[in-house]
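The values are calculated or read from the model by the stated rules, or taken from the named source; none is laboratory data. Treat the numbers as computed from the prediction; the structure is a model and nothing was measured. Please note: Cβ atoms are built from the backbone with ideal geometry, for glycine as well, and neighbour counts cover all protein chains shown. Keep in mind that these areas ignore ligands, DNA and RNA; they rest on the heavy atoms of the full protein, side chains included. Shrake-Rupley method; radii C 1.70, N 1.55, O 1.52, S 1.80 Å.
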Amino acid sequence: WDETHFGKMGSYYINRTFFFDVHPPLGKMLIGLAGYLSGYDGTFPFQKPGDRYEQHSYMGMRGFCAFLGSCLVPFAYLTVLELSKSLPAALLTAFILIFDTGCITLSQYILLDPILMFFLMGAVLSMVKCNSCADRPFSASWWFWLSLTGVNLAGAMGVKFVGLFVVLLVGLNTIYDLWDLLGNLSLSLVMFGKHLLARVLCLILLPLALYTTMFAVHFTVLNKSGPGDGFFSSAFQSQLIGNNLHNVSIPEHLAYGSVVTMKNLRMAGGYLHSHWHLYPEGVGARQQQVTAYLHKDLNNLWIIKKHDLDTADLSDPSSPVEFVRHGDIIRLEHKETSRNLHSHQHEAPLTRKHFQVTGYGINGTGDSNDFWRIEVVGRKAGKLIKVLRSQVRLTHVATGCILGSSGKTLPKWGWEQVEVTCTPYLKESPNSLWNFEDHINPKLPNISLDVLKPSFAEILLESHMVMIRGNSGLKPKDNEVTSKPWHWPINYQGLRFSGVNETDYRVYLLGNPVIWWLNLVTIGLYLLIAVSTAVALKRGVQLTSELKELSRIMLRGGGQIMLGWLLHYLPFFMMGRVLYFHHYFPAMLFSSMLTGITWDTLLKFCAGFLSPSTTARKVYGGSVLALVLLITYSFYLFHPLSYGMIGPMASDPSSPMAGLRWMDSWEF
Amino acid sequence: MLGFLKKPVVVTAEINVNLVALTVMGLISRLWGLSYPRAVVFDEVYYGQFVSLYMKRIFFVDDSGPPFGHMLLALGGYLGGFDGNFLWNRIGAEYSMNVPVWALRLLPALAGALCVPLAYQILVELQLSHCAALGAALLILLENSLITQSRFMLLESILIFFILLAVLSYLKFYNLQRHSSFSGSWWFWLLLTGVSCSCAVGVKYMGLFTYMLLLAISGLHFWHMIGDQNLSNVSLMCHFLARGLALIVIPVAMYLSFFYVHLTLLYRSGPHDQIMTSAFQASLEGGLARITQGQPLEVAYGSQITLRNVLGKPVQCWLHSHTNTYPIRYENGRGSSHQQQVTCYPFKDVNNWWIVKDPGMQQLVVSNPPRPVRHGHVVQLVHGITTRYLNTHDVAAPLSPHSQEVSCYIDYNISMPAQNLWRVEIVNRESDTDVWKTILSEVRFVHVNTSAVLKASGFMLSGASLPEWGYRQLEVVGEKLSKGYHQSMVWNVEEHRYGKSQEQKEREVELHSPTQMDISKNLSFMAKFTELQWKILTLKNEDTEHKYSSSALDWITMDTNIAYWLHPTSGAQIHLLGNVVTWASANVAALAYTCLSLWYLIRRRRKIYDVPEDAWQLWVSAGGICLGGWAVNYLPFFLREKILYPYLPALTFQILLIPIVLQHLGDHLCSSLLLKSMFSALIVAWFSSVYFVHCTFSPVTYGEPSLSVTELKDLRWKDSWNILIRKQ
């Protein structure tokens, strides 16, 4: 399943070819490293799910992910122990995580999620540890945990952007902490300043430094041209070995009759592109589409022509070469389809304020709406135009608008490429600037060019823009049935990891329903208990010291975990991109910890009413044991989900999973 | 007894001249020349059509919001005697004589005018000085964008009015809380809060933001009350219940009642029928109801039915077949079964009729008594005109190669057996033995051999249809069951009658004849409400961007304006354009408030008190409401692009913040007398500049007088403003 993505990217690291992915690089780098150390040579193609690995050694990568995945259990155990100071609560949480089929499945394969969850739990654990060291500030262990929090934050951010939520959690916790310290009048302002500085250092500067280092490593390792080139600017591409812009030699000045590609200068801007497809009915004029496309493609090629001359004159090899000058009026002909770049006063497909840009005319003959004035930013009229270096603006002669790319993704009819418009607002922005990237003209001598090298900061910024754009581009397809966030906590529908048919070896990602429904109930229960406790405290009800301790655990410890759950779950409701079931797993970790704490506290509280204390202890211990046994038994029932099922589907009574398909939406 | 005889009856009237004067000024500024221009201005073209439909009692669905706002506008039309006969097709079209322009625009204008005294009252209730309150009211009065927006048949001014009314009544209620709980006026203001909240939500969903804010504030206040040890548990409970009743139960009930009125008023079928389910359509007068009245309810073996796809988007369509077959080879070289085509056809046609047949029997008529089809029964579907059986098999469908082709089976005597058994699954069943009902039941047809589900293909969503050979009809496929639930897999019976003729010829005649008989099917109000509400929420057309849309960041700096109307010949024009000075100072005030609050908070945490406690309380509560109101009404719009005017409610709150900050500065930060007088002088200067800007832009606010080209060019203070200049 997704192993095809991340395994492939691991191979890219080993082969040092450049690629592009919507997630930051750390997770894939670690996978690559694990593969490298375990002797994987990066040659397996990872083409489609279900391919056999044959002789390739993949166990290193899988083992690495599984190891990180199993670290979650001790982490959660320690966190809950620290928060609740209660061994049964911690054990309960640990058992939940050990016996959850979903967590097991997810950590068995080459995926980013186990790595992400490892760092995430690491951050939570060290944050909690650091909080409990708060009475000994600036001690060695305090520093250790504080900086470890920072390191883990960088790790979580570096694997997936979802790590941002744990950064938020830690941030909120730190602000709360500082606010507390500020109110402590026995602390001088200088001391407070020290506290503040220590946190800025460990939680902001350290993670940032690590995060940038990560990218530095990423770009140093990947120095060969690969499938991700087209997403980046010309300057960036010139740094990759094997790219056609690396140590490039092309004609320096633009001339009439040249074949060129034009790249938009906005971050993650595409090549000016056209293809044999018309705009659909109702979207402006029914003429050929012009888009911006991120990949290198033959359809990106355009021929520069004089506005008043025909093709024949220029193709004549004997005619002298004429250079294009600043301020000239030109015509751009699409090489594959022989249509001219054209614009007119119709609404653009998405940005209604702009004009539509189309391909028009047959074999290069069009009308006056095909004329564009070419201008270089910051130059005088009559100067020559340099390939790669000149920032060029194309003004439509008839309407006075400027060719630009709006950055919005076209719907399906436009093959999800980026919209190109002609903007009548003459604002200067990279959206409306282009540079010439390829330049082919047999009549001109090639000159070796060194493009300005981009600085590291520029590369970093650019790669982030590209990632963000890529992420927002992951829209659900029209008729695809997508997973909705509200499905997740109720374990509505899982993900098929491998195998569809009866004869296949099937793995199905689905949480252990007993555990997940217990978690779901617990969240409601927790809210109820927390509210009633808070009201009781506010009403000034006198509590015994034991009860006070319990309520403190519930409100402070449970509150932190609850906040974590909310932060890792609610934002998904607002996301427009494609969502999958496995996105819930970070939140599920928090929810499991909450279950441990809540049930332990609740049982303690209930047992407190019993006397004598020995019976109370027995009842309490018995109930915890019963919960653990319940979880273990449910795992026994559902373990084939993660360890693989062979044989008929569950709807068949002879299947080992017969009778376990409790919801119709489960597909095993 | 007869006490009034002993004492004279005295009526003491207290008149707040400020309030009266403000109201009068508000009315003048909003109502002056209201029926000018006598042409459709901007979104009037949108709301107007709904007013017309109300007048004609024709049912419609508007995805932009709940119906209360539309109903208020329609009320204006009703009072003005509008008959609904006007074609709302173009901005700038002249109104014909039968359109009571003044009456239609009156309600929004009144609401806009009343915002001025409301602003005054809110600040007074917040315990600010009358001077500050007067300032706030004047700022609202002189705000050009609010004037423009309230002078036309648009909903924003009504929304703002209800929002302000809700805030005011909550403040009144809260101030009464301290000394006279559960008194008459306490109840009045509490209930009014709930009522105006629900009105605000009923006008536009944006009102929800303010409603949530008020709920949060009242929750906070109640939380403080919980900590008050003087109150007994019982009285706390009473307080809680009273708030729950007024702020939650009543708004919900009011909201439902809007829909009730809406559905009662609109009982005729109209242009938006087709997006509703058949059951809903059948409840409207005319349209589908005329056809479906009197159909037998239970589908039985031998029934003749038409099957409508439940999805109904982008067009409704019916399961259809005709004598043409799939081409042997498609353009891309894939092969087909060459069987008879089955499609989904967006028009009523005799070829949409199917007969439900019991696989075990030969007869195609309904026995007496009819044997109803239940959930889980296996049936065959026979195409009425061609008598071929609905069939699917493991052949790739024409457009979606991953799904199975659906055809009507022709026996070519080759190794392709008929696979024409379908299991009926009623999706919305109550028990497993439910009978398949006309219109009401949503059914899925599961193919017995391959467990594929009959589905209108996903290409339908993107509007793609079959090529020429399929007459551009829509594709129908057999989808593998595992892909989960989707509305395109569900069908319902729309037209239905019991088949009587066994002979093919007679049957054709029967199929061509219209259905008859007569009983009406009534949906309960709640069922109608749920369906309509769901349609309103989900009908959003996704990727169409409005011509005037702008990002939320442009709003605070007022980088964009909207041209509402242009005189057909002269340069007179109306723009939604705010008072630049007010907008800028409102931003400064919000910024100053935030910074000062942070500074105070940090200092107070270190036990340093800069301002007296009561001033601090005032600062927190007043600013909390105004800044909070601004934030909740503004920040959500970062999630999606919108047109400028949703910013107006937020702006109103932000304007209210200006006098609060100014008063605080004057009272607490200007220590010496000299500073104080300088500060007052500054305020006067600033205020006159507000007035000056208001006057400068009033020609494009009111559309009169017409300006010359140079004057218009002078008005273009920002490059991004789009002021229309007629070419000579």
Q.
For segment B:240-253, give me each residue that is in contact with a Leu (Cβ under 8 Å, 6 or more places away or on another chain) and open to solvent by less than 30 Å² (accessible area, probe 1.4 Å).
A. B:242, B:243, B:246, B:247
(Q) Looking at segment B:200-217 only, could you name the residues that are surrounded by fewer than 21 Cβ atoms within 10 Å (Cβ to Cβ) and small (Gly, Ala, Ser)? (A) B:216
Q) Here are some residues: B:499, B:571. Which one is under 25 Å from residue B:695 (Cβ atoms), modelled with pLDDT under 80, more than 29 Å from the chain's Cα centre (by Cα) and away from chain A (no Cβ under 14 Å)? A) B:571
**Q.** Qualifying residue in segment B:614-637 (condition: surrounded by 16 or more Cβ atoms within 10 Å (Cβ to Cβ), out of contact with any Asp or Glu (no Cβ under 7 Å at 6 or more places or on another chain) and within 14 Å of another protein chain (Cβ to nearest Cβ))
**A.** yes
Q. Of these, A:532, A:611, which one is within 14 Å of chain B (Cβ to nearest Cβ) and open to solvent by 50 Å² or more (accessible area, probe 1.4 Å)?
A. A:532
Q. Restricting to segment A:535-571, what's the tally of residues that are part of a helix (DSSP H, G or I), more than 32 Å from the chain's Cα centre (by Cα) and more than 14 Å from chain B (Cβ to nearest Cβ)?
A. 11
Q: Mind checking which helices (runs of 4 or more DSSP H) fall wholly inside segment B:1-118 and carry at least 3 residues that are touching a residue at least 40 places away in the same chain (Cβ under 8 Å)?
A: B:17-31, B:44-56, B:68-79
(Q) For the list (1) out of contact with any strand residue (DSSP E or B) (no Cβ under 9 Å at 6 or more places or on another chain); (2) within 28 Å of residue B:205 (Cα to Cα), I need the number of the one condition that residue B:133 fails. (A) (2)
Q: Give segment B:157-178 a look and list any residue that's aliphatic (A, V, I, L, M) and touching a residue at least 24 places away in the same chain (Cβ under 8 Å), or say none.
A: B:158, B:159, B:160, B:163, B:164, B:165, B:166, B:167, B:168, B:171
Q: For segment A:419-449, enumerate the residues that are touching a helix residue (DSSP H, G or I) at 6+ places or on another chain (Cβ under 9 Å), modelled with pLDDT of 75 or more and open to solvent by 10 Å² or more (accessible area, probe 1.4 Å).
A: A:423, A:435, A:438
Q. Only one of B:677, B:720, B:708, B:671 is assigned by the TED database to the domain that holds residue B:621 and open to solvent by less than 60 Å² (accessible area, probe 1.4 Å); which?
A. B:708
Q: Name the residue, out of B:146, B:164, B:128, that is in a loop (DSSP other than H, G, I, E, B), among the aliphatic types (A, V, I, L, M), within 16 Å of residue B:655 (Cα to Cα) and open to solvent by less than 30 Å² (accessible area, probe 1.4 Å).
A: B:128
Q.
Looking only at residues that are free of Cβ contacts under 8 Å to residues at least 60 places away in the same chain and within 26 Å of the chain's Cα centre (by Cα) in segment A:169-199, which one is least open to solvent (accessible area, probe 1.4 Å)?
A. A:170
Q | Residue match in segment A:593-600 (condition: on the phi < 0 side of the Ramachandran plot, of a type outside the set (Ser, Thr, Tyr), modelled with pLDDT of 90 or more and open to solvent by 20 Å² or more (accessible area, probe 1.4 Å)) | A | yes
Q: Quick one: count up the residues across segment A:206-228 that are open to solvent by 30 Å² or more (accessible area, probe 1.4 Å) and modelled with pLDDT of 85 or more.
A: 8
**Q.** Residues (out of contact with any strand residue (DSSP E or B) (no Cβ under 9 Å at 6 or more places or on another chain) and either surrounded by fewer than 17 Cβ atoms within 10 Å (Cβ to Cβ) or at pLDDT 85 or above (or both)) located in segment B:294-312
**A.** B:294
Q: Among the residues of segment A:345-365, write down those that are in a strand (DSSP E or B) and either among the charged types (D, E, K, R) or more than 20 Å from residue A:375 (Cα to Cα) (or both).
A: A:345, A:346, A:347, A:356, A:358, A:359, A:360, A:362, A:365
Q: Please go through segment B:218-237 and pick out each residue that is open to solvent by 60 Å² or more (accessible area, probe 1.4 Å), part of a helix (DSSP H, G or I) and more than 11 Å from chain A (Cβ to nearest Cβ).
A: B:220, B:234, B:237
(Q) With the structure loaded, tell me whether residue B:560 is within 30 Å of residue B:256 (Cα to Cα), within 14 Å of chain A (Cβ to nearest Cβ) and modelled with pLDDT under 80 or whether it fails that test. (A) no
Q.
I'd like the residue in segment B:638-647 that is open to solvent by 80 Å² or more (accessible area, probe 1.4 Å) and in a loop (DSSP other than H, G, I, E, B) and, out of all such residues, is modelled with the highest pLDDT.
A. B:640
Q: Confirm whether residue B:208 is within 18 Å of the chain's Cα centre (by Cα), part of a helix (DSSP H, G or I), without any contact (Cβ under 8 Å) to a residue 12 or more places away in the chain and not assigned by the TED database to the domain that holds residue B:309.
A: yes
**Q.** Meets criteria (of a type in the set (S, T, N, Q) and buried (at least 23 other Cβ atoms within 10 Å of the Cβ)) for residue B:325
**A.** no
Q) In this structure, is residue B:382 outside any loop (DSSP other than H, G, I, E, B) and closer than 22 Å to residue B:329 by Cα? A) no
Q | residue A:161, sole failed condition from (1) within 26 Å of residue A:463 (Cβ to Cβ); (2) within 14 Å of chain B (Cβ to nearest Cβ); (3) among the aromatic types (Phe, Trp, Tyr) | A | (2)
Q: Please specify each residue of segment A:326-351 satisfying the condition of being within 14 Å of another protein chain (Cβ to nearest Cβ) and open to solvent by less than 60 Å² (accessible area, probe 1.4 Å).
A: A:348, A:349, A:350, A:351
